[in-house]
Amino acid sequence: MSASPDTAVPVRALTIYQPWADAIVHLRKDVENRSWLTPYTGLLLIHSAQRADQAALKEAPQDLPGIRGAVIAVARLTGCHQCDGTCSTWAEPGLWHWTFTDVTALTSPVACPGARKLWTPSNTLRARVADVLAPEAAGLRQQLLAYPTPRTENPS
């Protein structure tokens, strides 16, 4: 598929410990707290890490899926800022707040290894994710497939 200007967007992925990955998908967590700034905005695969934040798991709702080691959603990363923690109930003061919108859960998780920092998913992984988007997410599916990953970037 060739990319057109209205659908060609780069895609990145972020590996997030549970239960925080599930909170983005199921509890409307609209901010991810990080110690580092990113200039990237655009489509973001939400990858649940193999590891979990054990303290947070004790406080999390017990009915969260808790899937690990898989892409579980696609979101739009709209910005990154610092504030005193009042921008969202999920924001922690003193950290960079990565803001999400348009979080779309996958119909089934796509198992794959994650990586540290922001990482670039392979074309194969993007296609696998696109295959498990709900039918009503056709526009998102098109965006995932429209911008091929350069061969020099890390495979997943």
Residue match in the range 142-154 (condition: among the hydroxyl-bearing types (Ser, Thr, Tyr), open to solvent by 50 Å² or more (accessible area, probe 1.4 Å) and not in a strand (DSSP E or B)): yes
If I filter the range 116-131 for residues that are modelled with pLDDT under 95, of a type in the set (Asp, Glu) and out of contact with any helix residue (DSSP H, G or I) (no Cβ under 6 Å at 6 or more places or on another chain), do I get at least one hit? no
How about the range 106-133: which of its residues are in a helix (DSSP H, G or I), surrounded by 16 or more Cβ atoms within 10 Å (Cβ to Cβ) and in contact with a Ser or Thr (Cβ under 8 Å, 6 or more places away or on another chain)? Asn123, Leu125, Arg126
For the range 81-102, what are the residues that are farther than 17 Å from Pro10 by Cα and without any contact (Cβ under 8 Å) to a residue 60 or more places away in the chain? His81, Gln82, Cys83, Asp84, Gly85, Thr86, Cys87, Ser88, Thr89, Glu92, Pro93, Gly94
Only listed residue being in contact with a Pro (Cβ under 9 Å, 6 or more places away or on another chain) and surrounded by 16 or more Cβ atoms within 10 Å (Cβ to Cβ), chosen from Gly66, Gly85: Gly85
Residues that are under 28 Å from Ala137 (Cα atoms) and of a type in the set (D, E, K, R): does the range 46-54 have at least one? no
Among (1) surrounded by fewer than 19 Cβ atoms within 10 Å (Cβ to Cβ); (2) under 22 Å from Ala52 (Cα atoms); (3) in contact with a Cys (Cβ under 8 Å, 6 or more places away or on another chain), the one test that Val71 misses: (1)
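Hey, among Glu136, Glu92, which residue is within 23 Å of Gln54 (Cβ to Cβ) and open to solvent by 70 Å² or more (accessible area, probe 1.4 Å)?
Glu92 is the lone residue from the list that is within 23 Å of Gln54 (Cβ to Cβ) and open to solvent by 70 Å² or more (accessible area, probe 1.4 Å).
The values are calculated or read from the model by the stated rules, or taken from the named source; none is laboratory data. For clarity, every value in this text was computed on a predicted model and none was experimentally measured. Note: ideal-geometry Cβ built from the backbone for every residue, glycine included; neighbour counts use all protein chains shown. Accessible surface areas use protein heavy atoms only, side chains included; no ligands, DNA or RNA. Shrake-Rupley method; radii C 1.70, N 1.55, O 1.52, S 1.80 Å.
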